[in-house]
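Written below as structure tokens is the structure these notes are about.
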Amino acid sequence: MNAFKVALAASLLTAASLSIAQPNVLDVRRSGFDFMQPSTQALQRDDTQNPAMLWVKEGEALWKKAEGAAGKSCASCHADPKTSMKGVAARYPAYASALKQIVNLQGQINTCRTTRMQAPPLAPEHQTLLSLESFVAMQSRGLAIAPPADERMAAARARGEALFNQRIGQIDLSCRDCHVSNAGRALAGNKIPEAHPTGYPIYRLEWQTVGSLQRRLRNCMVGVRAEPYAFGSNELVAIEAYLAQRAAGMRLESPAVRP
Amino acid sequence: MARTLITVPTTAREGEVIELRVLIQHPMETGYRRSSDGDMLARDLIRHFSCRFVAVGKSGEGELVFAATLHAAIAANPLLLFHARATGSGSFVFTWTGDNGFAHTERSSLSVR
């Protein structure tokens, strides 16, 4: 009888842990990783080869570096990044009550700099900003993308979705035209991915450096001969918020490598 | 100061073949490209890499293990992967030199059991 109880408990435990560990088999969404060449996948899988790890390492050093009039570093407030930053990158963009608007991770880092550290904000795609973002994103690697269930983000997400479906530029294409209707088909030398932001900031082979999701979004806009929205604009943050919602539950791979 | 990622074992058996991986942050600008403003981007390349091994108790620059000459067609942040046979304890000295007086040195010690 006792043995039966133990066996039952064990099987219940197994079932419980399986239901947590098992990814949703009905999920047909695919990360950009799945569309890459095996050699590029290998580059991402191996931290000793992934060039983005150079930015992570840089970010780790910058984390402890005091800057600004307040004489504070990131570590002054957030202490151990392994606990304090775990899941943070998986959550952003998020609503910032103080600013009464949605900010992405870079925006939050800059907000911390201006308000807590009393240091000047960093320019978009600044190496320091990308390094810090890479380091913070690294702490969420393997976690599910978890956009906040915040009503105040609904309007921006709707705006982002509208922009995603809006045809733009001389070539007159929307994000959807490629990344939904033609995902998996070839565009020049590469497969068109499904536009899930699973690995940002990414080391993009075409750039030969690390770049943000906004840089990538602007790239596509230039590609369809449209005027790209400015870095940090509400439009780009809205698209980011919509994409995060669309990719909710997918695993974060940061720092990823993309072709 | 350039960032590097050095992946080298710190211990090995005598005679064992070990793998050394060195990755360095560098733009490897070819000198053939233009900026978005149309100006030529000045060439900025790592020209040479060497790995030397200085055995314990020895001085000087040590024995050459591996060397490479790098050119414009090599990607930014070059990764080099090579092998060496562990003959005794000592330290590897990795040196990159290049345009504009670029010079960077890293060390990694190896103890052979």
In deg cm²/dmol, rounded to 500, what helix-only [θ] at 222 nm does the protein assembly as shown give when every DSSP H run of at least 4 residues adds -39500 (n - 2.57) and the total is split over its residues? -9000 deg cm²/dmol
GNM, chain A, Cα, under 10 Å: largest mean-square fluctuation among A:Asp80, A:Asp27, A:Asp172? A:Asp27
For a quick check, take a GNM of chain A with Cα springs below 10 Å and name the residue from A:Leu217, A:Leu205, A:Leu143 with the largest mean-square fluctuation. A:Leu205
Listed here are the pairs A:Lys86/A:Lys191; A:Lys57/A:Lys86; A:Lys64/A:Lys86; A:Lys72/A:Lys100; which of them are more than 28 Å apart at the Cα? A:Lys86/A:Lys191
Looking at B:Gly62, A:Thr115, B:Ser111, which one has the Cα that reaches farthest to the positive end of the dipole of the protein assembly as shown (charges on Cβ: Lys, Arg +1; Asp, Glu -1)? A:Thr115
Kindly provide the trypsin sites (Lys or Arg not before Pro) of the range A:64-150 that DSSP labels as loop, not H, G, I, E or B, and whose Cβ sees at most 13 other Cβ atoms within 10 Å. A:Lys64, A:Lys65, A:Lys100
Calculate the dipole size of the range A:56-126 relative to its Cα centre from +1 charges on Lys and Arg beta carbons and -1 charges on Asp and Glu beta carbons; express the result in debye to the nearest 20. 200 debye
To the nearest 20 debye, what is the magnitude of the charge dipole of the range A:125-187 about its Cα centre, counting +1 on the Cβ of each Lys and Arg and -1 on the Cβ of each Asp and Glu? 160 debye
Evaluated at 4 °C with a viscosity of 1.567 mPa s, what Stokes-Einstein diffusion coefficient in µm²/s does the range A:76-185 have when Rh comes from the Kirkwood expression over alpha-carbon pairs? 80 µm²/s
Less than 15 Å from a label point 7 Å out along the Cα-to-Cβ axis of A:Asn190: which backbone N atoms in the range A:243-259 qualify, by residue? A:256-259
Rounded to the nearest 20 debye, what is the charge dipole size of the range A:29-259 about its Cα centre when +1 sits on each Lys and Arg Cβ and -1 on each Asp and Glu Cβ? 220 debye
Based on the Cα gyration tensor of the range A:111-259, what are the three equivalent ellipsoid semi-axes, each the root of five times an eigenvalue, rounded to whole Å and given largest first? 24, 18, 17
Would you list the P(r) distribution for the protein assembly as shown, with all Cα-Cα distances sorted into 10 Å bins from 0 and each bin expressed as a whole %? 5, 19, 27, 24, 16, 7, 2, 0, 0
In cubic angstrom per residue, the convex hull of the range A:56-139 built on its Cα atoms measures 86 Å³
Counting all C-alpha pairs of chain B, share separated by more than 16 Å (%): 61 percent
Which of A:Ile145, A:Ile202, A:Ile171 moves the most in a Gaussian network model of chain A with Cα springs under 10 Å? A:Ile171
I'd like the Karplus ³J(HN,Hα) series for the range A:44-51: coefficients 6.51, -1.76, 1.60, θ = phi - 60°, whole numbers in Hz, and an x wherever there's a Gly or Pro. 6, 5, 9, 5, 7, 10, 5, x
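Computed from the coordinates by the stated procedures, all read-outs in this text should not be read as laboratory data. Since this is a predicted model, take the numbers as computed values, not measurements. Cβ sites come from the backbone with ideal geometry, for glycine too, and all protein chains shown count toward neighbours.
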